[in-house]
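The structure appears right after this line, and notes come after that.
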Amino acid sequence: MKDTSAKAIFAIIVGGVSAYFGMIAIPIIVLFAAMMIDYCSGMIKAWTTGKLSSRVGVVGIVKKVGYLVTVCVAAIVDWLIISGLKKVGISFALDYCFGLMVTIWFIVNELISILENLSAIGVPLPGFLIAMIKRLKVVADDKGSEEGGNRIEKMD
């Protein structure tokens, strides 16, 4: 009974988040899961190589929070563009274009990092999987460059 209640509560939460955020909800959940797996695999890698450090762990957490903030910034940009277009009478069919692209880009980065961590601890990895994920990153970078211009390296 307890297991069914937990599943029902989880389904309600995921359903509510999906309804509120629309098409970006599932990618954000996947990003969060990938970040957790990457963090855990990174800690295991650090432990097995004798380089476990709480400072490095905290930096990793801060970096992942930065990922989520970046996704929020991209979603705000989407909202600003869509709101501006609506004000001038133009409807835009896609709700989270930049937010979705940024989220997918971060997911792919996390997947690459997970594979690097697994490789470092001696897990054999199929070459086609590594090649496919790296190809996804190239495609995401190329598509992002076509849609939004060049990457911002430093803002003053």
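Taking all protein chains together and rolling a 1.4 Å probe, Ser54 ends up with roughly 100 Å² accessible. Look at where the Cα atoms of the stretch 60-92 and of the stretch 28-58 average out, and the two centres are 27 Å apart.
Label positions at Ile61 and Glu116, each projected 7 Å from the Cα along the C-beta direction, are separated by 2.2 nm. Computed on protein heavy atoms with a 1.4 Å probe, the accessible areas place Val108, Val65 in the order Val65, Val108, largest first. Counting 0.36 nm for each residue step from Asp3 to Ala33 and taking away their Cα separation leaves a gain of 8.7 nm. Shape of the stretch 1-81 from the C-alpha gyration tensor: oblate (a/c of 1.5 or more and a/b not above b/c, with a ≥ b ≥ c the square roots of its eigenvalues).
The values are calculated or read from the model by the stated rules, or taken from the named source; none is laboratory data. This structure is a prediction, so every number in the text was calculated from the model and none was measured. Cβ atoms come from the backbone with ideal geometry, glycine included; neighbour counts cover every protein chain shown. All accessible areas refer to the heavy atoms of the entire protein, side chains included, with ligands and DNA or RNA removed. Shrake-Rupley method; radii C 1.70, N 1.55, O 1.52, S 1.80 Å.
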